1. Mind listing the phi-derived Karplus ³J(HN,Hα) values for the range 98-109, rounded to whole Hz, using 6.51, -1.76 and 1.60 with θ = phi - 60°, and x for any glycine or proline?
2. In square angstrom, rounded to the nearest 10, how much accessible surface does residue 45 have for a 1.4 Å probe?
3. Taking 22 Å as the cut-off for C-alpha to C-alpha distance, list the pairs among 42/171; 32/170; 42/91 that go past it.
4. For the range 45-57, in order, what is each residue's ³J(HN,Hα) by Karplus, 6.51 cos²θ - 1.76 cosθ + 1.60 with θ = phi - 60°, in whole Hz (x at glycine and Pro)?
5. Please give me, ordered by residue number, the GluC sites (Glu not before Pro) of the range 75-171 that lie in loop per DSSP and have at most 14 other Cβ atoms within 10 Å.
6. With the full set of protein chains in place, find how many percent of the accessible area of the range 119-173 is carbon and sulfur; take the probe as 1.4 Å.
7. Order these peptides, 103-116, 145-158, by their mean beta-carbon neighbour count within 10 angstrom, highest first.
8. Enumerate the calculated ³J(HN,Hα) couplings along the range 80-94 in order (Karplus 6.51 cos²θ - 1.76 cosθ + 1.60, θ = phi - 60°), each rounded to whole Hz, writing x wherever the residue is Gly or Pro.
Amino acid sequence: MQQRKSTASGRPSGTDGSDFSYRMVVDSRYTKVARGKSRLSKLIFAQAAIQLIGLLFTFVLNSKEEGPNPLSLSSASLGLVSLIIGELGRKRSRVSLLRVCVVASSIAVLLSVFSVVRTNSILEVINNPSIWETKKFELLEAARVLIGSSVQIFLVSTTISLVHNMSPPKKSS
């Protein structure tokens, strides 16, 4: 078999350039799916790191008498499980798994918010700023939850866009 050699213009020999109409073009929704999957992978990794930090804070912040905060522990556990489900859905292009990931990880973030609000440490520091050093881990936990909530918003919007592009287009009748 003879191979076509490339000329100086970058076009293979044996073609005059008029065969462009026969070339295949990738549908734009497939490129959007590829970009969405890449973005979702980064967001899942970021959210998993935030959840692992939350799990670490759960064990650092606990007092010896009370034990770990069950609300924080359940939030971090649910968040990590939902992100594993989301990663499986992303890799295998399963819309149902991506939807489960969005719902479960949103519930996990809400549990984290309720856990931080329940401690009232932010209000105590606002009322008495001199105690911020004794409440620094609680303030870091509140910052982690705020960042996690922001990442969750991007994760949900990216997943919704990805699910929309993964679904076959509706046929108009």
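1. 5, 5, 4, 4, 4, 5, 5, 5, 5, 5, 4, 5
2. Approximately 150 Å² for this residue.
3. Over 22 Å Cα-Cα: 42/171.
4. Karplus-based 3J(HN,Hα) across the range 45-57 equals 4, 5, 5, 5, 5, 5, 5, 5, 5, x, 5, 5, 4 Hz.
5. In loop regions of the range 75-171 (DSSP not H, G, I, E or B), the sparsely surrounded GluC sites (Glu not before Pro) are 133.
6. Of the solvent-accessible surface of the range 119-173, carbon and sulfur hold 66 percent.
7. Per-residue mean Cβ counts within 10 Å order the peptides as 103-116, 145-158.
8. Per-residue couplings from phi come out as 5, 5, 5, 6, 5, 4, x, 5, 5, x, 5, 5, 9, 6, 9 Hz.
The values are calculated or read from the model by the stated rules, or taken from the named source; none is laboratory data. Values in this document were obtained by computation on a predicted structure and should not be read as measured data. Note that each Cβ is placed from the backbone with ideal geometry, even for glycine, and that neighbours are counted across all protein chains shown. The protein model used for the area step is the full one, side chains on, heavy atoms only, and it has no ligands, DNA or RNA in it. Shrake-Rupley method; radii C 1.70, N 1.55, O 1.52, S 1.80 Å.
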